[in-house]
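Everything below concerns the one structure shown next.
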Amino acid sequence: MTIWNLLIREILHRKLNFALGVLSVMVASGSLIGSITLLRIHDIHTDRLLEQKHAELEQRMAQLKDDTRKAMLKLGFNVVILPEDQNLSDWYAEDYASKYMPEEYVHKLADSGIVTVRHFLPSLQQKIEWPEQKRKIILVGARGEVPNLHKNPVKPMVQPVPPGTISLGYELHRSLGIKVGDTVELMGKTFEVNDCHKERGNKDDITAWIYLAEAQELLDKPGQINAILALECMCAGHEGLPLIRKEIAEILPGTQVIERGSRVIARAEARTKVEEQARLSIEKEKIARDELRAVRERLASIMTPVVVTACAVWIAVLGFTNVRARREEIGILRAIGVRSREVMVMFVSRHILLGVLGGALGFVAGVLAATYFGAAHEGLQVRMTDMDVSLADLIFIAIGGAAALAVIAGWIPTMVAARQDPADVLRNDN
Amino acid sequence: MIEFKKVSKWFNGTQGKVTALQGISFSVGPGELLVVRGPSGCGKTTLLMTAGGLLRPNEGQLNLDGQDPYALSPEMRSRLRARTVGFVFQQFHLIPYLTVRQNILTGSLAVPQKEASEKAHQLINRFGLQDRADHVPSKLSTGERQRTALARALLNEPKLILADEPTGNLDEDNAQTVFGYLSQYVSDGGCVLLVTHDARAAAHGTRALRMSKGRLVD
């Protein structure tokens, strides 16, 4: 016969007392684990909800961004970089700059790593008299876009005019009866017609495009240009122009920046606003979820200790009942030489067993209840593996905590049992 | 085996001081069955508890198997009691959820021994409890219960048995059986201190004393 044999037989004899104790620990442990699991389910729901909203927003923004990008591409370059000393009134009146800057600037800009603008196109424009045809035209010298090598290569918005060729606006080739492949004389130089543009209904219809170096030669402006055209990048956001101006001013101090295409800008701004609104709505949703979590956490922080305390009191009451029922038994055990320490071990072991069993059952009950009822309430399907809380930690809290609770709650009854005076019991009962 | 030297014991209750033992002196040695008889409330049970190291006297000295149990720590006193003393009570005090065999073996909780099962088996046979070995106390007759309690007291082969009204709940036949076992134990060299209010029990003792109001009167 050992203390353990005695313990097991006593438990089997007083099943109801032990079962009520296990139930009590189970309720305490289950409410704690249930609270933790429910809060975790709330977090999972919140994460999933916000992830979904973010994904929807990203998709919507990608679509809007693409729409805006296409619109901007259709409308062409919307950023013009001019020499700093260019009078803007003259520029607006003539639509080309009368001041010049080095062609070198475009390379400086392309090599700078700037991200707020792209598609750099250097040009030299001037209104001239086409001496051979006796008519005013706008002569544009252009070369291909200068690639900015730090960004992914993109398809150029305009095709370069090869050297020795000329592209003509609608009004010019129509009125002069010129076709692609013809040769024309311009300021004493012969050019092969490379392209005849369709009608655009603007100054492009009286424009002739030739290779930049040839324009510089004809206009006697070697190595000079009077504008760099560029396309504003969507990444500039709603702060676009001030940011672009700031960046370009740092790279090309002797220049000024003009933005064109207000419809596109408005569209870009609207897109930015939509994004802001959507992000604000997500933020509000997050705040609402956080507030709901705080309420639930507060409720759990009140309810759980109340339940645990009530269970602890109940365990203590059951402990006292058990000690009272075993008064005679303890008395005789002490009389035959069992030490008070061994009586204490017997009662503490009973409470540990009660706590471990109750804790394990409470863990299962708490997790199941929270997973099924809680997840159903949130409209989720959650498994234990979805939760980033460690299962080992939860089990440790449930079983270790429950065993500790049972031992603490049963401590006073245990001490009463261990300190029971056998003479007192045997004298009075005899 | 056991010697009382001017032992007094009193209790402070709500109605003042109650003297249970007053200047008790006597001794019992191996091969003796001392019967102390007296009316209810005269201090017999207190005498027995004091002898068993369960109730510290207020005055006087006790010698149990050569040691003063009350000079020892509670732990050592428990050990001394487990090795030296066996208790038998009128109410038997069997553990209700243990069988006869298991109740007898509870003695081994205090003195673990390899041969406890074998000893329990021998005691079951000796006390005629073979057919009841796996029964719980509620299924036993009072005589069987007392024989079980006696077997439990003997498991650790104590030098002294302290018996408190061991036949108080038994019929004549069962009482004779119990006295027979106690007499056998004494003739084997054991020592018994038996307290009772039954005058007939004195006939079974090797010596008898009478107690009244906490004093030994003859």
- Hey, among A:V323, A:V345, A:V367, A:V356, which residue is open to solvent by 20 Å² or more (accessible area, probe 1.4 Å) and more than 14 Å from chain B (Cβ to nearest Cβ)? A:V356
- Filter result for A:I225 (within 18 Å of A:E129 (Cα to Cα) and either of a type in the set (A, V, I, L, M, F, W, C) or within 48 Å of the chain's Cα centre (by Cα) (or both)): no
- Tell me which residues, restricted to the range B:13-51, are away from chain A (no Cβ under 14 Å), part of a strand (DSSP E or B) and not small (G, A, S). B:K17, B:T19, B:Q22, B:I24, B:F26, B:V28, B:L33, B:L34, B:V35, B:V36, B:R37
- Item | Meets criteria (more than 13 Å from chain A (Cβ to nearest Cβ) and among the hydrophobic types (A, V, I, L, M, F, W, C)) for B:A175 | yes
- Item | Residue that is most open to solvent (accessible area, probe 1.4 Å), among those in the range A:173-200 that are of a type in the set (A, V, I, L, M) and under 18 Å from A:A215 (Cα atoms) | A:M187
- Query: Which helices (runs of 4 or more DSSP H) does the range B:57-129 wholly contain that include 3 or more residues that are more than 7 Å from chain A (Cβ to nearest Cβ) and under 23 Å from B:P30 (Cα atoms)?
  - Reply: B:74-84, B:116-126
- Message: For the range A:1-47, which positions are away from chain B (no Cβ under 14 Å) and among the polar types (S, T, N, Q)?
- Response: A:S24, A:S29, A:S31, A:S35, A:T37, A:T46
- Message: Taking the criterion of being at pLDDT 80 or above and more than 42 Å from the chain's Cα centre (by Cα), would at least one residue in the range A:105-115 satisfy it?
- Response: no
- Query: For A:E297, are the conditions met, namely being of a type in the set (D, E, K, R), assigned by TED's automatic domain parsing to the domain that holds A:N17, touching a helix residue (DSSP H, G or I) at 6+ places or on another chain (Cβ under 9 Å) and open to solvent by less than 70 Å² (accessible area, probe 1.4 Å)?
  - Reply: no
- Item | Residues located in the range A:83-110, provided they are within 17 Å of A:G223 (Cβ to Cβ) and not aromatic (F, W, Y) | A:P83, A:A97, A:K99, A:M101, A:P102, A:E103, A:E104, A:V106, A:H107, A:K108, A:L109, A:A110
- Would you confirm whether any residue within the range B:178-191 is open to solvent by 10 Å² or more (accessible area, probe 1.4 Å), touching a helix residue (DSSP H, G or I) at 6+ places or on another chain (Cβ under 9 Å) and not in a helix (DSSP H, G or I)? no
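The values are calculated or read from the model by the stated rules, or taken from the named source; none is laboratory data. Bear in mind the structure is a predicted one, so any value in this text is a computation, not a measurement. No Cβ is skipped: glycine too gets one built from the backbone with ideal geometry, and neighbour counts run over all protein chains shown. SASA here: full protein model, heavy atoms, side chains in, ligands and nucleic acids out. Shrake-Rupley method; radii C 1.70, N 1.55, O 1.52, S 1.80 Å.
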